[in-house]
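Okay, so here's the structure we're looking at.
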Amino acid sequence: MQTQALSPAAAVLQRPFQPIVPPLSFGFARNSLFKPYFLTPTKHVPLHSHATATHEVVIENDDANGNTEPGFVNIGYISGVHGLQGEIRVKPVTGFPQLRFSTPGRRWLKRRALGEETIQQVELEEGREHPGLKSWILKFRGFDTVEQAKMLIGATLLVTKEDRPELEEGEFYTNDLIGMRVFIKENGKLLGTVINVFNSGANDLLQILLDSSFDMLDKSGKPRSAEIDASVQLVLVPFVEAIVPDVDMKSREMHITPLKGLLELNLRFDGRSKKERRQLEWKERKKFQKKLIAAKKKLCEMEQQHIFHGYQYGEKDQWSFLSDQIVGVNSKLLQEALQSLEQPAKRWNAAELVSAIEEGLISSIQISEQSFSNGCENKLVGDINMQEKGLELMSEGKMAIVFLLNEKEDQEHLCDHDIVEREATDSLVRMLQKLLHDHENFVKVEYRASLPLIFISSAQQIQLLRKLFTSNNYFGFDSEKVWFLEEEKLPVVSSLPEGQNKYKILMQSPWEILQSPIGSGGCISMFSKHNIADNLIDMGVKYIELCCPSERIAGGNSLLLGLVNSMEAKMGIQISPTIADSDKNFDMILSMDFVKKLMKQSNKLQFDAIPKAHSYVEKVDKDWITVTSSTPNSYELSCSIYSSLNACSLDKICIVEVKE
């Protein structure tokens, strides 16, 4: 079945006249002002009762002959695949997830391809909730492989309008309320029109667009300025029986009895003139267009025009997402990474450092493994002065600690990405919680308020880190000096034969670039992108410690800091024979001067092309096909922070060797 004009028509709400269950959490759709994301029935409740707001968007459509076909209800969209058996992951936009996703039966998928929207019937075999990702895992009949499931990514999941659950008396579907005219019951004056309904946490709120004829004071009690466009003034009214006693669905009208001052209190409007708002909107559009044009130009120079094929398919939200993807690509870093593959430089690692020490090219001191593991305060007699100097610098806030959190390399052997992500994140949070409560081996409590702390991690881990710090009063650190940054990523590129564009950027879907974290070396570009280095310098920071926290590496290395300071070095590194992979588990300190130099000379960083097997999509003629391989068919671009040694003189490097 095909459709030509699919336009949104209805959503779902309820309003009961008795107390109900506590409200669900409520979100907003991306790039949509006041547009509800989770959609459930709204109940009209007594003044002190709770209410929940949800919608199920109804899509009315006509066939090619102009005959109206049954409307469909949008219940979610397919965001990805799950496992290897053809299961898909769905983000719900319904207030009835248990009914919609766990009950077997007919469902429909809406997709756009070759300029046409199609609706395909599928059979749901089973479904289960995935609470960790706020999604559902579904299995459709006939979709048994990862390749088949990937073709469904981006599709909208539908049921028919007739499948909407029947509501109790006094309950309404949200979309049935939208568009209703609102009158003041006392005098019959038209207030405006309901344009949205959403949940405030205590009860549902009607968002009403004021009619230009309605005369109302502003929040200060003064008459509204004539310069303010009444068409953009909104007022929020609680959807409770005491304030909205009459709802007439037949006449599409409701009458309200607001308390004195309620409308003025909940008035929402933009105080700028219409001309000023239009100018601002124009500037924002021009700014985004300028960024997009610059990104397109850069990608065209790099012969990556195929990325723009996604604009020929899909819908507005998908085009916007693709635009964000293109603008988000660090094209300068990508270009430098690809160039470094063609101009290989020296690959530094812990073994190379040991060789340089033996040749007398790099200065070092040695401590015993026993001294290191039992704490250095009473053991390092010969180096106690350097350790005390390091502690003094830390107490003065002269060093910032940067934790690089990326467990990707340790989890690659697992097949289910969701399990990998959940287990890795849980393990990381437990380890960090233990570390941050350790006042012996980590930074002492009395120093923490002075020290800036930076976490570079995946977006999923950052959410948990923020929650962890908020619930523990930031473990004694100053909340103004703690940053959570999403790790730097670069596109995955193809590994084609010589003579072709062998570094072609691969696409995960027509609207999403396939990307991977670049590793510890990516922190340098992060300092530049987020203006971190300048902020730290303004705080008086002289050094940055970069480390991957583990059972052997805690951060806050006062001995290494004291050594770097006393030798006026640009870089200090602690190496240990007991650490299995020193390239991924490291502890080093850089001077801020050297960090600024690296930011200006990022081409000094050396990238490696790591062969990987990836599934991706590409456009062949007029169709998108999925390409899979059991052998490496692509490269992930990786950069180790050790490559920064190429930009530093060896006489400005010092080493702490932990000996057995």
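In the stretch 318-346, how many are in a loop (DSSP other than H, G, I, E, B) and touching a strand residue (DSSP E or B) at 6+ places or on another chain (Cβ under 8 Å)? Before the answer, list the steps.
Of the stretch 318-346, the ones in a loop (DSSP other than H, G, I, E, B) are 329-330, 343-346.
Restricting the remaining residues to those that are touching a strand residue (DSSP E or B) at 6+ places or on another chain (Cβ under 8 Å) gives 329-330.
Selection size over the stretch 318-346: 2.
Of the candidates 90, 73, 57, the single residue that is modelled with pLDDT of 55 or more and farther than 25 Å from residue 203 by Cα is 90. For the stretch 617-642, the tally of residues that are over 30 Å from residue 573 (Cα atoms) and open to solvent by less than 30 Å² (accessible area, probe 1.4 Å) stands at 3. So residue 573 ticks every box in (1) under 14 Å from residue 453 (Cα atoms); (2) open to solvent by less than 10 Å² (accessible area, probe 1.4 Å); (3) at pLDDT below 95 but one. Which box is left unticked? Of (1) under 14 Å from residue 453 (Cα atoms); (2) open to solvent by less than 10 Å² (accessible area, probe 1.4 Å); (3) at pLDDT below 95, only one is false for residue 573: (1). Strands (runs of 3 or more DSSP E) fully within the stretch 431-549 that include at least 1 residues being among the hydrophobic types (A, V, I, L, M, F, W, C): 453-457, 482-486, 489-491, 507-509, 543-547.
With the structure loaded, tell me whether residue 292 is in a helix (DSSP H, G or I), modelled with pLDDT under 80 and open to solvent by less than 40 Å² (accessible area, probe 1.4 Å) or whether it fails that test. Criteria met by residue 292.
Yes or no: the stretch 585-605 includes at least one residue that is over 26 Å from residue 394 (Cα atoms), open to solvent by less than 20 Å² (accessible area, probe 1.4 Å) and in a loop (DSSP other than H, G, I, E, B). So far as the stretch 585-605 goes, yes, one or more of its residues are over 26 Å from residue 394 (Cα atoms), open to solvent by less than 20 Å² (accessible area, probe 1.4 Å) and in a loop (DSSP other than H, G, I, E, B).
Does the stretch 298-318 contain at least one residue that is in contact with a Gly (Cβ under 9 Å, 6 or more places away or on another chain) and free of Cβ contacts under 8 Å to residues at least 60 places away in the same chain? Taking every residue of the stretch 298-318 in turn, none turns out to be in contact with a Gly (Cβ under 9 Å, 6 or more places away or on another chain) and free of Cβ contacts under 8 Å to residues at least 60 places away in the same chain.
Taken together, the residues in the stretch 561-570 that are in contact with a strand residue (DSSP E or B) (Cβ under 8 Å, 6 or more places away or on another chain) and open to solvent by 40 Å² or more (accessible area, probe 1.4 Å) amount to 3. With respect to (1) at pLDDT 80 or above; (2) out of contact with any His (no Cβ under 8 Å at 6 or more places or on another chain); (3) among the basic types (Lys, Arg), the lone exception for residue 504 is condition (2).
The values are calculated or read from the model by the stated rules, or taken from the named source; none is laboratory data. Owing to the predicted nature of the structure, the values given are computational and were not obtained by experimental measurement. As a convention, Cβ positions derive from the backbone with ideal geometry for all residues, glycine included, and neighbour counts pool all protein chains shown. Surface accessibility is based on the protein's heavy atoms, side chains included, excluding ligands, DNA and RNA. Shrake-Rupley method; radii C 1.70, N 1.55, O 1.52, S 1.80 Å.
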